[in-house]
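Here is the structure we will look at.
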Amino acid sequence: MPRGRWSPAEYNKLEAAIAAGARVSVLRLGGELVVVPRRLGMRGGRETIEALHPATGEVITFMLDEIEALEVVA
């Protein structure tokens, strides 16, 4: 998924991962992290993904416009 504007198909893929509780690989700022997305939201006028780190249970919030790539892994 490209940085910035996301297509409807990309949103559908993310929403399906949220509904299924699937893990996704998020690449941003040159680093990759595998998380379980929980919901889409807004913060300061920017779209966000709230996710859980599967090993620690830590809640992590990603800004959609900062994500360089996102892939469903399971």
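The values are calculated or read from the model by the stated rules, or taken from the named source; none is laboratory data. All values reported here derive from a predicted model rather than from experimental measurement. As a convention, Cβ positions derive from the backbone with ideal geometry for all residues, glycine included, and neighbour counts pool all protein chains shown. These area figures cover heavy atoms from the full protein model, side chains too; ligands, DNA and RNA do not enter into them. Shrake-Rupley method; radii C 1.70, N 1.55, O 1.52, S 1.80 Å.
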Original post:
Rank Thr61, Thr48 by accessible area, highest first, at a 1.4 Å probe radius?
Top reply: Thr61, Thr48
Original post:
Mean separation of Cα pairs under 8 Å and 6+ residues apart, divided by the residue count of the chain: what relative contact order is that in percent?
Top reply: 37 percent
Subject >> Segment Arg43-Asn12, extension gain: residue separation times 0.36 nm, minus the distance between their alpha carbons >> reply: 9.1 nm
**OP:** Please state the charge dipole magnitude for the chain, taken about the Cα centre, from unit charges on C-beta atoms (+1 on K and R, -1 on D and E), reported in debye and rounded to the nearest 20.
**Re:** 120 debye
